[in-house]
Amino acid sequence: MIRVGDAARAPEFPDAARSALANTQLRRNVRHATDIIRGKRGLVVAEMDDWQALRDAGSRIKAHVLEHLDTYLTRFEENCTRAGGQVHWAADADEANRIVIDIIRAHGQSEVIKVKTMTSDETRLNRALEAVGIAPYETDLADLIIQLGNDRPSHIVVPALHRNRAEIREIFLRGMHLTELGREPEDLTTAARGFLREKFLRVPVGFSGANFLVADTGGVCVVESEGNARMCLTLPRVLITMAGIEKVVPTFQDLEVFLQLLPRSATGERMNPYNTLWTGITPGDGPREFHIVLLDNGRTRVLADAQARETLHCIRCAACLNACPVYRQTGGHAYGSIYSGPIGAILTPQLQGMEHSQSLPYASSLCGACYEVCPVKINIPEILIHLRRRIVEEQGPYLERLAMKGAALAFADPRWFRCAQTIGRFLQRPFERDGYVRTAPGPMAAWTSTRDLPAMPRQSFRQWWAARGAPRA
Amino acid sequence: MLIDLFITCYNDTLFPETGKAVVTVLERLGHQVEFREAQTCCGQMHFNTGYAAEALPLMRRTIDVFRGSGPICVPSASCVSMMRDHYPSLAAEAEDPALQAGVEAFLARVYEFSELLVDKLQVTDVGATFPHKVTLHTSCHSLRSLHLADQPVRLLQAVRGLEFVALPHHDECCGFGGTFAVKNAEVSTAMGLEKVRSIQDTGASVCAAGDNSCLMQIGGLLHRQGAAVRCLHLAEILAAREAGANLPVLRQAQGRPERSRGTPEGGSHPIASSAER
Amino acid sequence: MSAHPSTPAARSLILGRIRDILGERSEPSEAGYRRIPRDYRDSGILTFEACVALLVDRLQHYQVGVHRCDPPDLPGTIAAALLARGRKHLVVPSDIDRDWLPPAAEFRPDEGLSYSDLNGCDGVLTACSLAIANTGTIVLRHAAGEGRRALTLIPDYHLCVVRGDQIVQTVPEAIRRLAALEPALVTTVSGPSATADIEMTRIRGVHGPRTLDVVLVA
């Protein structure tokens, strides 16, 4: 079954947003975090005089890969296998989880150290592992915070940004069974380092995602900050990687584009602390067994819609989240999906099927700030409108459709338009005072609950023009 | 020159003063304005909400109505954005080469109001007087779709007596977003309140913009709060002529039934009285 | 070695879907690949000295200790760096250039050392493959003198020797040089590890070596 975390059961965005707006701590944290990253990103992008050329190249490389996705995937498979890797394919979430479980069981293991990857959140791997008695240990600091706090991620790159240090300290005290813990951020990371190091040096199975799959060499690249990925990718005997099929890039040289676009967009750094690239198995250095699971889980659905296919360019930098004025108000949980913000609004419904997550494409004012910062030039506003169209055409809400058809009729002829204006002026009379409507009926009540609405003036522009007579030169 | 006016459906219905102001400014500059009464709507609301099938005939009608016109002035960046960003692809989808040609010819003649003045007519000083402190909100469409630069600011700065103050975070969305304002009213309001805070922090008595859609959102919040800040379309400021407290355009810009806008002084001028406060 | 997919059904299904969606391609992938516009900078413009200065600046921005010396003074500089850090018992790749090693400290070759051994040492000394000035990045491909990956990962201190001819200004130049070497393994290091997961404060040193020194031999 295709799955995107728990998105199929999430509440509608307007309802979820309402609760999120009431959480002032969350809003403060989100605002603080996104302001900082946006500022840092702005600086490191401004110093690149070839930034637009990089974006163009990044976008074109991704578009090209999608046009020849089968070629590049099979080329990757061939080269990775030649280097000693074992390539598996998974059509959906359940299949992917089964493959991972089978590999771990084949080694008689019951623990696995994990590097952050959204693909395993998509498939709900942790739940599947726990159900069969395998313990997954998240090793990214934020994911550790989420796991120990029994929480959900709220941002793609900084998943625990809705938590402040006091909350994190509480979570660590309880989850790590500590008797004391300092209050400074440094104390918290030191605690995490100690708690996790024991696992890094001992657990024989590691699990990761991948940022890039290099077709011409069979190499896999993981981009990170903390060092936990290096730990999980090198120290265990067995490594299992799960990667969406859209992660493939044609050549090693193409990394020159993405390793410039990604760190600057994601965390506002010229380069993130660590990148690891490995190719199959290297005797004497790292895992003795390497498996990679190539995951579809709805990606071919996205590919099938030529106008929305661009969604698959995404390199998971979350610059769009940081730029989005809607995300800024609500944080990520309101989107009901591990993929939140602008990219979440287009990716989640497409992966899952449009009958779920219908409110997400409408969770946007179409301001375009996301498109401006997307390093691979995904035209998110355009795709949002396209998805709205699919929703209307595939399962249009009845009353809204009626209203829209009514409006279209009014616009079809100036006489009907004038007539509609006259009717409108008449109907507004009981509600209008001093030129404004303070309490409107029907759908407009949502407007007037917080804002005044200007009343229609007595005379429209066209009436004024008609009354004016001959124009003055 | 003969300039055509595409008033836009919502300006026609809700903000006729903006249209009157555009006519005033263009005539003052010696041009003749034509208003083709067959016009209705560009189709943006339908298109953006997902009703492309309903937007198509509206586009056709707009192209037909303006066939053979002079330069077309549109006092709404969002409507211009609809035309430039989506008319070509809608026409291509309709597989109608005549329509596609019509769209191309039409777009070559379309100008947003400040684009028309500064880029086409090459004028920044339109002979306006407006002795008030004014800040400018830049709509998302004007910034990211039309890539308007400083045309609106230059026009404002040429107005006699006007004190221009830049708006911090001027490029952040006001929260209108068409049907978004109703479908996601709470988030829209939260976004709008941040915008209102920025505006109030400038100390300006007037917030200008090239889009009445944004001003409807911003003005609606300000008015609900009883704030002493007025929202005016750029055109209405540029149409202002006489100096002094009782500027006729401001009385017109109140635009609503005869009663004053709930100030305790009754008939006194809301802008002047707010300046005195 | 041909691919033995363990999941042949899924493989056919996914590739089948992709081929159905994309249909007959009008040209081979190489043609489309060649048309991708590459108008970004592919190399730097700085002089060698300016490039070195930039690298030093970027490294120091990441709080990496930077020492510079001429080739004959390398062992002495290494000794000084270790003294400043109070580090005496280092591990080195077994194929490190022994001429580098000063007598004052102890250098244990990485021969059959366990993770626990590595965890207990003071630090590690290695060579590298490249350094990128624009981004302050050290690039390892774990070839001669660079050690296996665990070596530069587990110890808490890493001292890396960078030669002048290994310095490039831009990322594309670095990737080009690397590509020519066809590395199976690459690790890039840009400052000690960091996280910004706690209230967006960048906190150094989570898992990798928390202290880094670079000796530039140029």
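The values are calculated or read from the model by the stated rules, or taken from the named source; none is laboratory data. This one's a predicted model, so the numbers in the text were calculated from it and none came from an experiment. Cβ coordinates were reconstructed from backbone atoms using ideal geometry, including for glycine residues, and neighbour counts include every protein chain displayed.
Annotation note: of B:169, B:137, B:132, the sole residue that is surrounded by fewer than 15 Cβ atoms within 10 Å (Cβ to Cβ), touching a residue at least 12 places away in the same chain (Cβ under 8 Å), farther than 30 Å from residue A:416 by Cα and in contact with an Asp or Glu (Cβ under 9 Å, 6 or more places away or on another chain) is B:169.
Residue C:30 passes every criterion in (1) more than 30 Å from residue A:61 (Cβ to Cβ); (2) acidic (Asp, Glu); (3) without any contact (Cβ under 8 Å) to a residue 24 or more places away in the chain apart from (1).
Provide a single number: the residues in region A:119-158 that are of a type in the set (A, V, I, L, M, F, W, C), more than 20 Å from residue A:172 (Cα to Cα) and crowded, with 19+ Cβ neighbours inside 10 Å.
In the first step, residues of region A:119-158 are kept if they are of a type in the set (A, V, I, L, M, F, W, C); the result is A:125, A:128-129, A:131-132, A:134-135, A:141-142, A:144-146, A:148, A:156-158.
Now drop any that are not more than 20 Å from residue A:172 (Cα to Cα), which leaves A:125, A:128-129, A:131-132, A:134, A:156-157.
Among the residues that remain, those that are also crowded, with 19+ Cβ neighbours inside 10 Å are: A:125, A:128-129, A:134, A:156-157.
Matching residues across region A:119-158 total 6.
Condition first: hydroxyl-bearing (Ser, Thr, Tyr), more than 23 Å from the chain's Cα centre (by Cα) and part of a loop (DSSP other than H, G, I, E, B). Now tell me which residues in region A:191-236 satisfy that. Within region A:191-236, A:217 is the sole residue that qualifies.
Taken over region A:395-429, the criterion of being under 26 Å from residue B:37 (Cα atoms) and not in a helix (DSSP H, G or I) is satisfied by A:413 alone. Of all residue pairs spaced 6 or more apart or on separate chains, those with beta-carbon atoms under 6 Å, a first member in region A:29-55 that is without any contact (Cβ under 8 Å) to a residue 12 or more places away in the chain and a second member that is hydroxyl-bearing (Ser, Thr, Tyr) and surrounded by 18 or more Cβ atoms within 10 Å (Cβ to Cβ) are A:50/C:40; A:53/C:40. Within region A:211-245, if we keep just the residues that are farther than 12 Å from residue A:116 by Cβ and of a type in the set (Val, Ile, Thr), the residue that is nearest to the other protein chains (Cβ to nearest Cβ) turns out to be A:234. Contact annotation: residue pairs with Cβ atoms under 9 Å, 6 or more positions apart or on different chains, pairing a residue in region B:212-227 that is assigned by TED's automatic domain parsing to the domain that holds residue B:142 with a partner that is among the acidic types (Asp, Glu), are B:219/A:452; B:220/A:452; B:221/A:452; B:222/A:452; B:223/A:452; B:224/A:452.
If the requirement is being in a helix (DSSP H, G or I) and over 23 Å from residue A:107 (Cα atoms), which of these qualifies: A:270, A:264?
On the way: A:270 fails: in a helix (DSSP H, G or I).
Testing whether each residue is in a helix (DSSP H, G or I) and over 23 Å from residue A:107 (Cα atoms) leaves just A:264.
Select, from C:70, C:117, C:97, C:110, the only residue that is of a type in the set (Asp, Glu), surrounded by 13 or more Cβ atoms within 10 Å (Cβ to Cβ) and within 23 Å of residue C:132 (Cα to Cα). From the options C:70, C:117, C:97, C:110, the qualifying one is C:97.
Quick one: would you say residue C:87 is closer than 30 Å to residue A:286 by Cβ, of a type in the set (Lys, Arg), in a strand (DSSP E or B) and in contact with a strand residue (DSSP E or B) (Cβ under 7 Å, 6 or more places away or on another chain)? Please lay out each step first, then the result.
On the way: closer than 30 Å to residue A:286 by Cβ: yes; of a type in the set (Lys, Arg): yes; in a strand (DSSP E or B): no; in contact with a strand residue (DSSP E or B) (Cβ under 7 Å, 6 or more places away or on another chain): yes.
Here the answer is no, as residue C:87 does not meet what is asked.
Being within 19 Å of residue A:416 (Cα to Cα) and in contact with a His (Cβ under 8 Å, 6 or more places away or on another chain) is the filter; apply it to region B:45-92 and report the residue that is surrounded by the most Cβ atoms within 10 Å (Cβ to Cβ). Only one residue tops the list, namely B:55. For region A:430-446, residues that are assigned to a helix (DSSP H, G or I) and within 11 Å of chain B (Cβ to nearest Cβ) total 5. In region A:295-363, counting only helices (runs of 4 or more DSSP H) that sit wholly within it, the ones holding 1 or more residues that are of a type in the set (Ser, Thr, Tyr) and more than 14 Å from chain C (Cβ to nearest Cβ) span A:325-330, A:341-352. The strands (runs of 3 or more DSSP E) located wholly in region B:1-118 that include 1 or more residues which are facing another protein chain (nearest Cβ under 8 Å) and either among the acidic types (Asp, Glu) or more than 23 Å from residue A:366 (Cα to Cα) (or both) occupy B:32-34.
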